[in-house]
Amino acid sequence: MLLRAGGRRLLAPGLRRVLAGGDGATAPAAVGGARAYHERVVEHYENPRNVGSFEKDDPSVGTGLVGAPACGDVMKLQIRVDESSGKIVDACFKTFGCGSAIASSSVATEWVKGKQMEEVLTIKNTEIAKHLSLPPVKLHCSMLAEDAIKAAVKDYEAKKVKLGQKGEVTSTEKAAEA
Amino acid sequence: MALSRRLLPLLRRGGCLSASASPARALSMAAVPADADQEEAVTVKGVRISGRPLYMDMQATTPVDPRVLDAMLPFYLSRYGNPHSRTHLYGWESDAAVEEARARVASLVGADPREIFFTSGATECNNIAVKGVMRFYRDRRRHVITTQTEHKCVLDSCRYLQQEGFEVTYLPVRPDGLVDVAQLADAIRPDTGLVSVMAVNNEIGVVQPLEEIGRICREKGVPFHTDAAQALGKIPIDVNQMGIGLMSLSAHKIYGPKGVGALYLRRRPRIRVEPQMSGGGQERGIRSGTVPTPLVVGFGAACEIAAKEMDYDHRRATTLQKRLLDGIRGQVDDVVINGSMEHRYPGNLNLSFAYVEGESLLMGLKEVAVSSGSACTSASLEPSYVLRALGVEEDMAHTSIRFGIGRFTTEEEVDRATELTVHQVKKLRDMSPLYEMAKAGIDIKSIQWAQH
């Protein structure tokens, strides 16, 4: 009783009004101060989707590793591609970075699932930034996510080419032996 | 009634409160996730929690001690005279209170009351000390020596002097944060007008060897200035033993009010400064402007309390720091302490958690109020210059968290902070590609990063 009453008193009347009024699905945290986190960013941080790792050497997996520890942002985004259809069937990520970076990469994994590889290359960082309401100072996080997607696709294609070359070599050998 | 309610968070540490909450909750206001129906829940970083975050940022500021507030209130409500009014009781009693406070501040540092000048805070003191001394002796002295880990106001004042044509040497520090005294002695030139080395660093809590520096400065005849805002009332300071010529003090770091500080200016040998504030010549012409009696009285009361409780607070902070450190280290590995552990004020614990980024850790620590040396938390995306000066690698500088322990910190708060920190670090490490690579044995430094 005493604790609750004390708690109510501690909040200045102004703050109470702000909290009562500022309710809504997309309203940023009222008491968060100038650098408030958007709800979606917090949601991705609290309940991250698709955190994990695929086997790097798996031929159906493309790995994009972008960023640098010195900059404080490193994203690893992996896609699993169905070879016959060229569709991305699964994606996962791991990120070393601030809340906005984690959210950007989490959103990226959500958006690439079920899409064609050519399609995901068109995902723009501005779309990610808009979805998360990133402030200007955090835009580089969304750019890194876009880079990670592109890097993952590039890695998968490079792998395919390499495996394709190996395949050609064996078939010419067979032809020679035949 | 209203007043006692407001003092509730301060009184709660005194004893058991009868409440419907469980005994553990009754003894602390440790924040927990709020139920949907709780009205007094606060939204912090996008999540509703009930209660306020645990305050573990004592280096940023401290709560005002209730005893200090008690001392200040009469000077707001009934004895509100201007201490410079010479013609009536209000002025006289206000002046007497200011002088009493001055004596208390002086006695905490072993100075004469005539050597203490009240200002608006340590930043103003640093400005007067650095700019004021150099400008006064501008004809004969053109060189300043300071360190790379000083507070921004000292570094900025030095930069300002550089624009005026003075020369400044920014001494590097060792990886443990301490300045190399031999290097300092070598850097002193015949035209050096000031050596400025802070006593206790605000970010890493490292205590500089003041006595040695003071001795060297005395031998070479150079005034020694120290920014003691974080040191006052926490470690013993004696201006004569330490050869200090100028010292900046702040009230709100020792459970006093915000908005007041004091400059110590030695009389023998006399150190002169050019005043930065022009006006009616108050504070012996050093700092014009009405001396804010209630704030100054609060400062004096805080100093008096600090003098009595310094030993106890120090021992308690040491115990709590050990508790926090052991608690965290016992559950997660790859934790680095930034700065020397031996020459450190125990109430400051600056830790780096490898493979975890600072801002994301802070985002998770909603129920604990701490600060970080990470780039993302500063406006400029640059990691803390203090950590960089220590030689901390950039990726580790991004991961640092500063825990501040103070007079009112409880064991429950430390335990809860430990629990929350460990939980968040583990969660973020699971999400971290660097941790994954390190566990797989890959040397992260060998990777060519594709920067953009």
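Points worth noting:
- Here A:Ala151 fulfils each of the conditions (1) modelled with pLDDT of 90 or more; (2) more than 16 Å from A:Val41 (Cβ to Cβ); (3) more than 12 Å from chain B (Cβ to nearest Cβ) apart from (3).
- Enumeration of residues in the stretch B:224-240 that are under 14 Å from the mean Cα position of the chain (by Cα) and not in a strand (DSSP E or B): B:Ala228, B:Ala229, B:Gln230, B:Ala231, B:Leu232, B:Gly233, B:Lys234, B:Ile235
- In the stretch B:186-223, of all residues being closer than 22 Å to B:Gly339 by Cβ and in a strand (DSSP E or B), the one that is farthest from the chain's Cα centre (by Cα) corresponds to B:Val195.
- Qualifying residue in the stretch B:241-261 (condition: outside any loop (DSSP other than H, G, I, E, B), without any contact (Cβ under 8 Å) to a residue 40 or more places away in the chain, within 18 Å of B:Asn127 (Cα to Cα) and within 19 Å of the chain's Cα centre (by Cα)): no
- Test for B:Gln331: is it surrounded by fewer than 21 Cβ atoms within 10 Å (Cβ to Cβ), in contact (Cβ under 8 Å) with a residue 40 or more places away in the chain and touching a helix residue (DSSP H, G or I) at 6+ places or on another chain (Cβ under 8 Å): yes
- The single residue among B:Ala306, B:Ala228 that is touching a strand residue (DSSP E or B) at 6+ places or on another chain (Cβ under 9 Å), among the small types (Gly, Ala, Ser) and closer than 27 Å to B:Glu211 by Cβ turns out to be B:Ala228.
- Test: B:Val368 is within 27 Å of A:Cys71 (Cα to Cα), β-branched (Val, Ile, Thr), surrounded by 24 or more Cβ atoms within 10 Å (Cβ to Cβ) and more than 11 Å from chain A (Cβ to nearest Cβ): yes
- Condition broken by A:Val89, with the remaining ones in (1) modelled with pLDDT of 90 or more; (2) in contact with a helix residue (DSSP H, G or I) (Cβ under 9 Å, 6 or more places away or on another chain) satisfied: (2)
- Taking the conditions (1) surrounded by fewer than 21 Cβ atoms within 10 Å (Cβ to Cβ); (2) among the aliphatic types (A, V, I, L, M); (3) within 12 Å of chain B (Cβ to nearest Cβ) in turn, A:Val161 satisfies each one other than (3).
- Output for the stretch A:57-71, where each listed residue is within 20 Å of A:Ser85 (Cα to Cα) and part of a loop (DSSP other than H, G, I, E, B): A:Asp58, A:Pro59, A:Ser60
- Among (1) touching a Phe, Trp or Tyr at 6+ places or on another chain (Cβ under 7 Å); (2) within 23 Å of B:Ile286 (Cα to Cα), the one test that B:Val200 misses: (2)
- B:Met310 being away from chain A (no Cβ under 14 Å), under 30 Å from B:Val222 (Cβ atoms) and part of a helix (DSSP H, G or I): yes
- Test result for B:Met431, facing another protein chain (nearest Cβ under 8 Å), under 19 Å from A:Val51 (Cβ atoms) and at pLDDT 90 or above: yes
- Only one of the listed residues (A:Val137, A:Val42, A:Val51) is of a type in the set (Val, Ile, Thr), more than 30 Å from A:Lys160 (Cα to Cα), within 11 Å of another protein chain (Cβ to nearest Cβ) and touching a residue at least 24 places away in the same chain (Cβ under 8 Å). That residue is A:Val42.
- Among all residues of the stretch B:161-178, there is none that is assigned to a strand (DSSP E or B), polar (S, T, N, Q) and crowded, with 23+ Cβ neighbours inside 10 Å.
- Residue satisfying condition, being at pLDDT below 85, buried (at least 24 other Cβ atoms within 10 Å of the Cβ) and not β-branched (Val, Ile, Thr), within set A:Gly72, A:Gly62, A:Gly97, A:Gly33: A:Gly72
- Residue in the stretch B:377-387 that is farther than 24 Å from A:Gly64 by Cα, modelled with pLDDT under 75, touching an Asp or Glu at 6+ places or on another chain (Cβ under 8 Å) and within 9 Å of chain A (Cβ to nearest Cβ) present: yes
- Any hit, the stretch A:74-86, residues being assigned to a helix (DSSP H, G or I) and within 14 Å of another protein chain (Cβ to nearest Cβ): no
- Residue match in the stretch B:403-425 (condition: touching a residue at least 60 places away in the same chain (Cβ under 8 Å), of a type in the set (A, V, I, L, M, F, W, C) and within 14 Å of chain A (Cβ to nearest Cβ)): yes
- Qualifying residues in the stretch A:87-106 (those that are of a type in the set (Val, Ile, Thr) and assigned to a strand (DSSP E or B)) - the one nearest to the other protein chains (Cβ to nearest Cβ): A:Thr95
- No other residue among B:Ala111, B:Ala101 is assigned to a helix (DSSP H, G or I), modelled with pLDDT of 95 or more and of a type outside the set (Val, Ile, Thr) apart from B:Ala101.
- Hits in the stretch B:396-452 - residues which are over 16 Å from B:Leu362 (Cα atoms), touching a strand residue (DSSP E or B) at 6+ places or on another chain (Cβ under 7 Å) and polar (S, T, N, Q): B:Gln451
The values are calculated or read from the model by the stated rules, or taken from the named source; none is laboratory data. A quick note: this is a predicted structure, and the numbers were derived from the prediction, not measured. Note that we place each Cβ from the backbone using ideal geometry, even for glycine, and neighbour counts take in every protein chain shown.
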